[in-house]
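Shown next, in structure tokens, is the structure this report addresses.
The values are calculated or read from the model by the stated rules, or taken from the named source; none is laboratory data. Bear in mind the structure is a predicted one, so any value in this text is a computation, not a measurement. Cβ placement follows ideal geometry from the backbone for every residue including glycine, while neighbour counts extend to all protein chains displayed.
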């Protein structure tokens with residue numbers, strides 16, 4: 001049975017003190033709420049990962065990294081490997097976020113390498129993908145998403161794919177105030193699940209969590225999450241405010 005997941009991507013926000021304060025507040029706020037099958041994940045910046053990971057020990061909150069390099073080690077100044085992440089207790093990593101694709105020119109080929117390396121190191125992957133505004137306007141969005149999935153993930157075996165969470169990001173709805181309607185989100189998520197079914201079979205498709213990542217807020221989370229193929233959200237700005245993030249988590253209660 002696939003999990004519901006609410007993951008907060010803190011991006012390049014929060015120094016150490018702010019990270020400690022935020023995660024303590026989140027632990028207290030989620031300690032006694034009824035969320036059933038829902039996983040809560042936060043992704044701090046690299047320099048705060050270890051401290052936040054220590055703080056969440058024994059709580060309902062899990063910690064993921066925002067990125068990783070495709071090699072285990074080497075002369076790659078400024079980069080972080082899967083082995084390094086695991087050494088400090090991090091077992092989940094976001095790969096392919098739209099900002100990594102846009103600002104750091106990460107290609108489908110590179111992301112496929114990162115995914116493979118993460119899985120080789122027994123990490124779980126939150127794999128991001130989604131179309132730009134021009135793709136949506138030209139009605140090319142389905143082709144773009146299909147290409148990103150096939151190029152980035154479909155080299156994996158059925159077993160390996162079981163360690164991947166998908167996060168659909170309509171790029172035009174990230175940080176713009178625009179949000180895909182619940183119906184648009186469901187349409188794309190159903191399309192994605194059918195792609196998985198065609199490639200890996202119904203059981204894999206049925207058990208893969210697909211998150212929506214496009215300006216989810218406390219005011220729209222319940223309606224978006226109510227759609228049958230939407231299994232949660234990858235949250236940006238709202239994840240930096242405990243009350244907003246908890247309200248989104250409660251959309252599953």
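Residues in region 90-119 that are assigned to a loop (DSSP other than H, G, I, E, B) and within 18 Å of residue 6 (Cα to Cα): 90, 91, 96, 97.
When residue 50 is tested against (1) surrounded by fewer than 17 Cβ atoms within 10 Å (Cβ to Cβ); (2) within 15 Å of the chain's Cα centre (by Cα); (3) more than 24 Å from residue 224 (Cα to Cα), only condition (2) is not met. If I filter region 206-224 down to residues being under 23 Å from residue 161 (Cα atoms) and assigned to a helix (DSSP H, G or I), which single residue comes out as farthest from the chain's Cα centre (by Cα)? By that ranking, first place goes to 206. Against the numbered list (1) within 18 Å of the chain's Cα centre (by Cα); (2) assigned to a helix (DSSP H, G or I); (3) at pLDDT 95 or above; (4) under 23 Å from residue 64 (Cα atoms), residue 243 comes up short only at (1). Residues in region 10-26 that are out of contact with any helix residue (DSSP H, G or I) (no Cβ under 8 Å at 6 or more places or on another chain) and either within 18 Å of residue 99 (Cα to Cα) or buried (at least 17 other Cβ atoms within 10 Å of the Cβ) (or both): 12 only. With respect to residue 198, is the statement that it is closer than 28 Å to residue 13 by Cβ and either modelled with pLDDT of 95 or more or part of a helix (DSSP H, G or I) (or both) true? Against the criterion (closer than 28 Å to residue 13 by Cβ and either modelled with pLDDT of 95 or more or part of a helix (DSSP H, G or I) (or both)), residue 198 does not qualify.
The lone criterion from (1) over 18 Å from the mean Cα position of the chain (by Cα); (2) closer than 22 Å to residue 250 by Cβ; (3) in contact (Cβ under 8 Å) with a residue 24 or more places away in the chain left unmet by residue 71 is number (2).
Could you look through region 29-47, keep only residues that are on the phi < 0 side of the Ramachandran plot, in contact (Cβ under 8 Å) with a residue 12 or more places away in the chain and in a loop (DSSP other than H, G, I, E, B), and pick out the one that is surrounded by the fewest Cβ atoms within 10 Å (Cβ to Cβ)?
That would be 34.
Restricting attention to region 15-28, does a residue exist that is touching a residue at least 40 places away in the same chain (Cβ under 8 Å), touching a strand residue (DSSP E or B) at 6+ places or on another chain (Cβ under 9 Å) and farther than 15 Å from residue 244 by Cβ? Among the residues of region 15-28, not one is touching a residue at least 40 places away in the same chain (Cβ under 8 Å), touching a strand residue (DSSP E or B) at 6+ places or on another chain (Cβ under 9 Å) and farther than 15 Å from residue 244 by Cβ, which makes the answer no. The set of residues from region 227-240 being assigned to a loop (DSSP other than H, G, I, E, B) and either within 13 Å of residue 5 (Cα to Cα) or under 15 Å from the mean Cα position of the chain (by Cα) (or both) comprises 229, 230, 231, 236.
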